[in-house]
Number of protein chains: 6
Amino acid sequence: MFPNKRIQSLVGRRVHVEMKGERSVLEGVLTSVDDYLNLHLSGANELENGEKRRLLGSVIVRGNNVVLINPMKE
Amino acid sequence: MFPNKRIQSLVGRRVHVEMKGERSVLEGVLTSVDDYLNLHLSGANELENGEKRRLLGSVIVRGNNVVLINPMKE
Amino acid sequence: MFPNKRIQSLVGRRVHVEMKGERSVLEGVLTSVDDYLNLHLSGANELENGEKRRLLGSVIVRGNNVVLINPMKE
Amino acid sequence: MFPNKRIQSLVGRRVHVEMKGERSVLEGVLTSVDDYLNLHLSGANELENGEKRRLLGSVIVRGNNVVLINPMKE
Amino acid sequence: MFPNKRIQSLVGRRVHVEMKGERSVLEGVLTSVDDYLNLHLSGANELENGEKRRLLGSVIVRGNNVVLINPMKE
Amino acid sequence: MFPNKRIQSLVGRRVHVEMKGERSVLEGVLTSVDDYLNLHLSGANELENGEKRRLLGSVIVRGNNVVLINPMKE
């Protein structure tokens, strides 16, 4: 399964997303994703040091600024 | 709805845009957007620590330097 | 008007350009622009803290390193 | 063998991946890779100063944020 | 003249190139350039604070890491 | 000779590669390269302040994170 198919298989699940830069981390439900790894997350929170810092809600994330994505345990 | 369609659905609304780098934040009305997430904002302000720092007015933002976009509550 | 058309409408005008990195800022006349937001500026100056730091003259700017562009008041 | 073929030849092996930014390092089994060097790693760990810092498990890595990949000795 | 044509018109001339990151600066003769602004410079030097720091000679520069290019006075 | 042809002409030679970020430097034999400047190096070492820091061996380098490449004297 290619990486873009793997990520599409996560739609509907909660994911953990690490962004470029100062290692900000988002968590939310992956609502959609395209081949550039642009993401639409719903119910997203921004985390800092593993703690929720801010509720973002519905958010679009630009794929090139995503470092890594992994599914959260459910 | 793919991420690029989701963002197009926000045209005409106020959006919150986080840029790459030192986490600068813009807020303004999303006037247009293309598939690269290049944005045209009008009435845009630059924020720092949640406070308005500078009025930019009409501004073009390069999509690859956008980290995330979310709609503002109205 | 899509963002790339909006920027083309600024050709011939003085623009303010914020670059990636340590927030360096350029100002100059936008002589040409392509769909990647590569810019050709003439009579360009580099600014620091709102003050002219260095005259660059004719300069080519790589689009992916442009954060934002806005027209200057005339 | 072109670089993208070389990396495809590593599928199924443990790889060491250096990411952009603060030099974070991942190690895991390369489950799949595409031509953009997007990676799917399984059993992945995040390392800091050569020590395991965190178990990530299954993770998708965005190719443009990969600095280098090398196979681990087995 | 589009930005990529403008830069092609500089082939054979000495250019000043600012790179992404810690604002390293290169100067050399522009031997060739492509549409991605990948550059081949010959007789290139790396500068720091306007002083030559290191002779690089023949060097290939990746376009996406170029911030700006301007021709040197002759 | 376009930059991508110039770099292809270096296959089989030792090259010096400067990477984005904290100016890490690699040296190794250029085994293959593609048009994105993705590189396959063999016998690669990571350098710090001009000294060998770590033997990497066979390594794939992502082109967009390459700042510059120059051939080493032989």
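The values are calculated or read from the model by the stated rules, or taken from the named source; none is laboratory data. Predicted model, so just to flag it, every value in this text is computed and none were measured. Neighbour counts are summed over all protein chains in view; Cβ atoms, including those assigned to glycine, are modelled from backbone coordinates with ideal geometry.
Of all residues in segment F:36-50, those satisfying the criterion of being within 11 Å of chain D (Cβ to nearest Cβ) and more than 20 Å from E:Arg54 (Cβ to Cβ) are F:Tyr36, F:Leu37, F:Asn38, F:Leu39, F:His40, F:Leu41, F:Ser42, F:Ala44. Looking across F:Glu18, F:Glu46, one residue alone is assigned to a strand (DSSP E or B), within 21 Å of E:Tyr36 (Cα to Cα) and in contact with a Ser or Thr (Cβ under 9 Å, 6 or more places away or on another chain). It is F:Glu18. Note on segment E:51-69: residues that are part of a strand (DSSP E or B) and either under 16 Å from E:Leu37 (Cα atoms) or facing another protein chain (nearest Cβ under 7 Å) (or both) amount to 10. Among the residues of segment F:3-19, those identified as surrounded by fewer than 16 Cβ atoms within 10 Å (Cβ to Cβ) and either free of Cβ contacts under 8 Å to residues at least 12 places away in the same chain or under 13 Å from F:Met72 (Cα atoms) (or both) are F:Lys5, F:Ser9, F:Val11, F:Gly12, F:Arg13. When segment B:20-35 is limited to residues that are facing chain A (nearest Cβ under 10 Å) and crowded, with 19+ Cβ neighbours inside 10 Å, the one that is modelled with the lowest pLDDT turns out to be B:Lys20.
Would you confirm whether or not segment F:41-58 contains a residue that is closer than 19 Å to E:Leu41 by Cα, touching a residue at least 12 places away in the same chain (Cβ under 8 Å) and either surrounded by fewer than 22 Cβ atoms within 10 Å (Cβ to Cβ) or not aromatic (Phe, Trp, Tyr) (or both)? No, segment F:41-58 has no match at all. Of the set (1) touching a Pro at 6+ places or on another chain (Cβ under 8 Å); (2) modelled with pLDDT under 95, all apply to E:Arg13 but (2). Scanning segment D:26-43 for residues that are assigned to a loop (DSSP other than H, G, I, E, B) and touching a Pro at 6+ places or on another chain (Cβ under 7 Å) yields D:Asp34, D:Asn38. Only one of the numbered conditions (1) within 13 Å of the chain's Cα centre (by Cα); (2) surrounded by fewer than 21 Cβ atoms within 10 Å (Cβ to Cβ); (3) modelled with pLDDT under 95 is not met by A:Lys73, and that is (1). Here F:Asn38 does not fit the description of being at pLDDT below 95 and under 18 Å from D:Lys5 (Cβ atoms). The residue that is nearest to the other protein chains (Cβ to nearest Cβ), among those in segment F:1-15 that are aliphatic (A, V, I, L, M) and not in a loop (DSSP other than H, G, I, E, B), is F:Ile7.
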